[in-house]
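**Student:** First, the structure itself, so that you have it in front of you.
The values are calculated or read from the model by the stated rules, or taken from the named source; none is laboratory data. Quantities reported herein were computed from a predicted structural model and do not represent experimental measurements. Here the Cβ positions follow ideal geometry from the backbone for every residue, glycine too, while neighbour counts run over all protein chains shown.
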Amino acid sequence: MATMRLPFMQVDVFSSQRFEGNPLAVFADGRGLTDEQMQAIAREMNLSESTFILPRDPEIEKQRGVRVRIFTVHAELPFAGHPTLGTAYVLRGQSRAQELALDLNAGRIVVRFEEKNGQPVFGEMTQLDPQFGANHDRGAVAHVCGLREEDLDSSLPIQTISTGVPSTIVPLRSLDVMGRLSLNLQACSTYLARTAGQFFYFVTRETHDPEVRLRARMLFYNGEDPATGSAAGCAAAWMVAYGVAQPEERVVIAQGTEMKRPSRISVRASRADDRVVNVRVGGNCVEVAQGEVFL
């Protein structure tokens, strides 16, 4: 029986250290694969996401970007942060370009790279302009998350925001509260489905690190995500909207600490005509492994 061999690279995203950050498998050429085969490969890789690059005519790529599809172990996603940055990093290794555009299901996303002597390359993606959704009742969110209302930071709103994937930003009072989160994920999913959200993104301004503006956690898919670039973009818009960060101020969100996969996500956003725009999310990537999948 003939065997199709699919090369892939695995990278850790939002970290400059191997075995930290959020792992990602990037398949360099997914042409000819069916949707079902991509989904099966993503399940086999068993990472939070795997991406498939679909090369096409250079002139089309110049206009529209490199076509990329993103799969979790469960389903295809229109957009996700660490797969976008990690895939751009792998593509840049082939071209050394300072700017790349990816054509995702959610639209065209541009990633720009910065290099400083002696430091790992830094990539920054520009996400879709934020859409500010519903504000949430603190009591209702506390109840569904198994928290007391006083565990929440009452000085900041709980709000659903989307820069491609809707995330509901939940500000917590302290790191202690964040450390003891234990969610009924089914109850959370039911609540979010009613309120046009998709995930809770828990943040706190208590960081114990002057270089970090927020600590964050994302619990989903019966597990935890070490770095959530899409939600971090939503949090960047939320921070600028409510004064946690200033327009154009580049600040760091630390995530993954509790699960021993520390990640550092750099974020910033702009203001224009009283709107938050130009949301950017960045970080480092490091190659961990290369291999082939057989079909």
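**Student:** Search the range 39-65 for residues that are outside the structural domain of Glu20 (by TED's automatic domain parsing) and pair each with any residue that is basic (Lys, Arg) and part of a helix (DSSP H, G or I) when their beta-carbon atoms are under 6 Å apart and the residues are at least 6 apart or on different chains.
**Tutor:** Between residues of the range 39-65 that are outside the structural domain of Glu20 (by TED's automatic domain parsing) and residues that are basic (Lys, Arg) and part of a helix (DSSP H, G or I), there is no close pair.
**Student:** Mind checking which pairs have a first residue in the range 253-264 that is in contact (Cβ under 8 Å) with a residue 60 or more places away in the chain and on the phi > 0 side of the Ramachandran plot and a second that is assigned to a strand (DSSP E or B) and surrounded by 20 or more Cβ atoms within 10 Å (Cβ to Cβ), Cβ under 7 Å, 6 or more apart or different chains?
**Tutor:** Sorted first by the residue in the range 253-264, then by its partner, the pairs are Gly256/Ser263.
**Student:** While we're on this one: Please list, ordered by residue number, the strands (runs of 3 or more DSSP E) wholly in the range 134-225 having 3 or more residues that are buried (at least 18 other Cβ atoms within 10 Å of the Cβ) and aliphatic (A, V, I, L, M). Don't jump to the end; show me each part of the working.
**Tutor:** Numbers: elements: 159-162, 166-172, 199-204, 214-220, 223-225.
So the answer is 166-172, 214-220.
**Student:** Which pairs turn up if I take residues in the range 231-243 that are under 17 Å from Asp274 (Cα atoms) and look for partners that are part of a helix (DSSP H, G or I) with beta carbon separation below 8 Å, at least 6 apart in sequence or on another chain?
**Tutor:** So the pair list comes out empty.
**Student:** Condition check: farther than 22 Å from Met239 by Cβ, in the same structural domain as Ala237 (by TED's automatic domain parsing) and touching a strand residue (DSSP E or B) at 6+ places or on another chain (Cβ under 8 Å). Does Cys145 satisfy that?
**Tutor:** Taking the combined requirement at face value, the residue does not satisfy it.
**Student:** Then there is this: If Arg56 satisfies all but one of (1) modelled with pLDDT of 95 or more; (2) touching a Phe, Trp or Tyr at 6+ places or on another chain (Cβ under 9 Å); (3) not aliphatic (A, V, I, L, M), what's the number of the condition it fails?
**Tutor:** (2)
**Student:** Return the total of residues in the range 115-126 being modelled with pLDDT under 95 and either in a strand (DSSP E or B) or in contact with a strand residue (DSSP E or B) (Cβ under 7 Å, 6 or more places away or on another chain) (or both).
**Tutor:** The total comes to 2.
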